[in-house]
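Working notes, beginning with the structure itself.
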Amino acid sequence: MDSVFRMTEISSEVQQHLVKVYTALTIAIVAATVGAYAHTQTHIGGMLTGFATMGMIMLLRQTPQHEDQKRLGILAALGFFKGASVGPLIEYAMYVDPSIIVTAFLGAAMIFACFTAAALVAKRRSYLYLGGTLASITSFMFITSLMNLFFRSNGMMQLHLYLGLFTFIAYVLFDTQMIVEKVSAGDKDHIWHAVELFIDFVEIFYRLVIILMKNQQNAQRKEDDRRRRR
């Protein structure tokens, strides 16, 4: 990160803020990992943990910024419940092939790191134009997902999967540069900024797990077909 910061126009004040943001992000990811593991042992993940995640987000927004320790605790709880909510998918992926989880996590981490570095090295505000486009795509995905509840189109599900992946990768660029601009304007809520990046990371990881799992299942079907022909 020091090498990245030396190549950017970012001030030392913003750099110090980003260190706090990524520290809080790490706490959230660790808490999510614990939450996902807790689900595999107790099966607590589901609708209730989804509501709990939203509750933590609302509580975090209402808690004053100067109460850092309390807000960090809320962030950790948010990460835990989010991890538990993703737990059922992780558990199923482990049943298909345990290596999928490791591959998806490393892939998400590499994607996140590369696009974060790209956003920091690029000229300031150069990716902020993505905001309107990403909001439109997100709205399109939401509306069509509601429609697909009735049509059950496999093609639409595939479109959502890959379009969602690329959308949240682009959000890493947008949110990173937006955080820099917010800090420069006086918004130093590093915990909420970490939540924005945490959501991006989880969404990328979630979709990578599904893609890898589908690829593994398709490869297994092809192998089974070959064996039957023999």
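FYI, it's all coordinate maths here, none of it is from the lab. All values derive from a computational prediction rather than experimental measurement. Cβ: placed from backbone, ideal geometry, glycine included. Neighbour counts: every protein chain shown.
Observations, loosely collected:
- Helix-derived mean residue ellipticity, 222 nm - over the chain, DSSP H n ≥ 4, -39500 (n - 2.57), to 500: -30500 deg cm²/dmol
- Helix 99-121 axis, angle to the chain major axis (alpha carbon atoms, nearest 10°): 30 degrees
- Restricting the calculation to Cα atoms, segment 39-156 yields a radius of gyration followed by a Dmax of 18.2, 48 Å.
- For the chain, size of Cβ-based charge dipole, Lys and Arg +1, Asp and Glu -1, in debye: 860 debye
- Across segment 25-41, rounded Karplus estimates of 3J(HN,Hα) from the backbone phi angles (6.51 cos²θ - 1.76 cosθ + 1.60, θ = phi - 60°) give 4, 4, 4, 5, 5, 4, 4, 5, 4, 5, x, 5, 5, 4, 5, 5, 9 Hz, Gly and Pro being marked x.
- Cα centroid of segment 69-85 to Cα centroid of segment 154-199, whole Å: 18 Å
- Semi-axis lengths, Å, segment 9-229, gyration tensor of Cα atoms, sqrt of 5 times eigenvalues: 32, 21, 17
- Between the listed residues GLN177, TYR95, THR133, the Cα displaced farthest toward the positive end of the dipole of the chain, a dipole computed from Cβ unit charges relative to the Cα centre, is found at TYR95.
- Of VAL209, VAL172, VAL96, the one that fluctuates the most in a GNM where the chain has Cα springs shorter than 10 Å: VAL96
- Charge dipole of the chain about the Cα centre (unit charges at C-beta), most positive-ward option of MET213, PHE142, THR49: MET213
- Contour minus Cα-Cα distance for GLN41 and GLN158 (0.36 nm per residue): 39.1 nm
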